Amino acid sequence: MQRLKLMKRAKKLDAIFATGSNSKPCLSAYKSYGMNGIDSLVVGLIGVVDKGFKQLICFLAKVAAELQEAGNIASVISADQKRKGAYELFRKSFKVALGCMAIKTQAACAGNARGYHLEYSYLGGCFITNHNNMPLLL
Amino acid sequence: MLDAYGIVVKNAMLINGKYHRMHASIQSLITDMFKKANIWAIREPQNMFLGLVPACILKQYCDQHSVKECIIPYIMTYDHPHRERSGRVVLQRRIFEVKTMRVDSRMNKYNPRNPNRRPVEERFAEIEAHETS
């Protein structure tokens, strides 16, 4: 759904439910999310992402690497190196999963629809799996 | 088999408009990413106004059973950390929409002759222009 549509719909809801009042509760509630409303994440066909999405991936990798559980995934000695290693691992895994998803979905669109469903089965709390049903995300 | 500029992918045929499944798959993937970062995220929340609008309006909004009138974003996060200019980290709610691109007849999305402007940036600029118009 596009941003303009959402904003128009919020204004419409205000016109329906908050008639007669100057305050626009639905519109102000919508604008209270994030930086003045909805954020767009654009993904291309070959897994390229826009600047905002790239920043979000780096941010999520950084936050995930700072968690205590993430310290065990990087096999290095010092704590600083461990955090950096975990960050790189998370960032790479996010990007690889996104690229695989974009390309393989396009390939599935051009190929057999039944094979698509088998390939993207939900397993073990992680949506993305490869041919051997192993999760692509860490 | 992929080439450097994605020509093979560009020329791939899409049958019966199944590309919309890419949307759902990528939404689930992004939700998984948020979960890895321990950020609470939900896909297609039914009531994004909970706790933000007065109770009487919220009740009317919930009582209406028309999906057409509801606002359902793709992904909502509740405790998204955001660093302000002062350096203070605050938790804020955010909503996201996923925009994907399909192979179009204009053949200008993946044009290797114009490497300075990537197709996703072009698409983002289109979205921004549409919003401000």
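Which ones in the range A:1-16 are part of a helix (DSSP H, G or I), aliphatic (A, V, I, L, M) and free of Cβ contacts under 8 Å to residues at least 12 places away in the same chain?
Quick first cut of the range A:1-16, residues part of a helix (DSSP H, G or I) only: A:3-16.
Restricting the remaining residues to those that are aliphatic (A, V, I, L, M) gives A:4, A:6-7, A:10, A:13, A:15-16.
Listed by number, the residues that qualify are A:L4, A:A15, A:I16.
Which pairs turn up if I take residues in the range A:86-98 that are without any contact (Cβ under 8 Å) to a residue 24 or more places away in the chain and look for partners that are part of a helix (DSSP H, G or I) with beta carbon separation below 6 Å, at least 6 apart in sequence or on another chain?
Going by the 6 Å Cβ cut-off, the qualifying pairs are A:A86/A:A65; A:A86/A:A70.
Among the residues of the range A:25-51, what is the count of those that are modelled with pLDDT of 80 or more and surrounded by fewer than 17 Cβ atoms within 10 Å (Cβ to Cβ)?
The qualifying residues number 4.
Based on what the data block shows, is A:S21 more than 7 Å from chain B (Cβ to nearest Cβ), at pLDDT 80 or above, more than 17 Å from the chain's Cα centre (by Cα) and surrounded by fewer than 16 Cβ atoms within 10 Å (Cβ to Cβ)? Explain how you work it out, then say what you get.
Working: more than 7 Å from chain B (Cβ to nearest Cβ): yes; at pLDDT 80 or above: no; more than 17 Å from the chain's Cα centre (by Cα): yes; surrounded by fewer than 16 Cβ atoms within 10 Å (Cβ to Cβ): yes.
Answer is no for this residue.
Given the range B:29-133, what strands (runs of 3 or more DSSP E) lie entirely inside it while holding 2 or more residues that are touching a Lys or Arg at 6+ places or on another chain (Cβ under 9 Å) and either modelled with pLDDT under 70 or more than 7 Å from chain A (Cβ to nearest Cβ) (or both)?
Correct list: B:75-83, B:89-100.
I'd like the full set of residues that are in contact with a Pro (Cβ under 9 Å, 6 or more places away or on another chain) and touching a residue at least 12 places away in the same chain (Cβ under 8 Å), limited to the range A:17-45.
Those that are in contact with a Pro (Cβ under 9 Å, 6 or more places away or on another chain) and touching a residue at least 12 places away in the same chain (Cβ under 8 Å): A:I38, A:G44, A:L45.
The values are calculated or read from the model by the stated rules, or taken from the named source; none is laboratory data. Treat the numbers as computed from the prediction; the structure is a model and nothing was measured. A quick note on method: Cβ atoms are made from the backbone with ideal geometry, for glycine too, and the neighbour counts reach across all protein chains shown.
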